[in-house]
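A quick write-up on the structure given underneath.
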Amino acid sequence: MVKVTGFDNLQRQLDEAQRAFKSLDGQLATVHFDPENTESINAAIQTMESAIDGKVAPYRNNPFVAPLIPKMKAKYREPILERAKTAGQRRDIVAAEAKD
């Protein structure tokens, strides 16, 4: 008879990963920032990243969760940066029109 071990650990890791992903479901954080102020943008990103860290902290060492944390942060960072970029472009257009 062959004894297979490790399934209990795998099941525990999968259960933890499921709880981690469920904790990320819904609203993570509400961030407000001035899209023309770099410090404000950075503070918004830090708030979002801290919210993710707080939600997944109990599962940080889980091999299914850990590699996804930086990807989640990047996913939520991009819209903040895009909004700031768009606001900057709008400001440049308004400034150019004011010169005309």
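Quick notes
- So residue 68, is it aliphatic (A, V, I, L, M) and within 11 Å of the chain's Cα centre (by Cα): yes
- Every condition in (1) surrounded by 11 or more Cβ atoms within 10 Å (Cβ to Cβ); (2) part of a helix (DSSP H, G or I); (3) modelled with pLDDT under 95; (4) of a type in the set (D, E, K, R) holds for residue 8 except the one numbered (1).
- Looking across region 11-52, the residues that are among the charged types (D, E, K, R) and surrounded by 11 or more Cβ atoms within 10 Å (Cβ to Cβ) come down to 12, 15, 16, 19, 34, 36, 49.
The values are calculated or read from the model by the stated rules, or taken from the named source; none is laboratory data. Small disclaimer: the values here were computed from a predicted structure and weren't measured. Cβ atoms come from the backbone with ideal geometry, glycine included; neighbour counts cover every protein chain shown.
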